[in-house]
Amino acid sequence: MDTTKTPAANATEADATPVDLDKTEVAQPAEAEADSVRTDADPEDETFAEDEDEDGDEAETAQPGHVGSAASAIVAAGLGVVALSGSWVAGIVSERASIAARLELSQAADANAQIAAQFVDPWHTTAMVNGVFSALALIIATFVLALPAFSTPERVLPTWVRSVSWAGIGLGALGVLLFVLMYFDLLLAIPKAAG
């Protein structure tokens, strides 16, 4: 009889032991997963923080954009070329001035009045329109070159933008000079009829 009681006691111990093992096995993976989550999160947080710092440094050290200055320089040079070669605006305004001057002529107008109506008024009007284009080119190009002096000291225009701006200044100045010579009849004398 003693032998039957002993296995029962051993059986109780054997039943209790696997339950304890199961509890410890369940607890260990949960702790291990928590540790792995913590270790995985820390490097990501540090990397994210480093990326933010690098982006901030790059934003601070980035050069300012020169898109507006470049576009303005190209516009100035284009206006200078248009002022020297003539534009459809100048042609339309010149034709309008010619028609208006002819309508004002009387039947008994002399030859000099007809020359003035057909030649001088359109000539002066064309000179005026081209002079406006030249003045705009000169003002815009000068503004582009002077802009860095009024902004941050680190701002320097690229070489090609400065070159195009200087070309705009040259073309604009030449256009203004031609305007003065044409408008005041210094370039070509007004033809006059023999009297």
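Taken together, the values in this text are just the output of simple stated rules run on the coordinates, not laboratory data. The shown structure was predicted, so the numbers you read here are calculated from the model rather than taken from an experiment. Cβ: placed from backbone, ideal geometry, glycine included. Neighbour counts: every protein chain shown.
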Length gained, Ala113-Met128, 0.36 nm per residue minus C-alpha separation, equals 3.3 nm
Report the relative contact order of the stretch 71-191, percent, no decimals, based on alpha-carbon pairs under 8 angstrom and at least 6 residues apart.
41
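Sum up the charges of everything whose Cβ sits under 12 Å from the Cβ of Ala127, counting Lys and Arg as +1 and Asp and Glu as -1, but leave Ala127 out.
-2
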Do any trypsin sites (Lys or Arg not before Pro) in the stretch 114-195 lie in a DSSP loop with no more than 12 other beta carbon atoms within 10 Å, and if so, which?
Lys192
Full-stretch length increase - Leu177, Arg162 - with 0.36 nm per residue and alpha-carbon distance subtracted
3.2 nm
Given the C-alpha centroids of the stretch 84-106 and the stretch 173-195, what is the distance between them in whole angstrom?
16
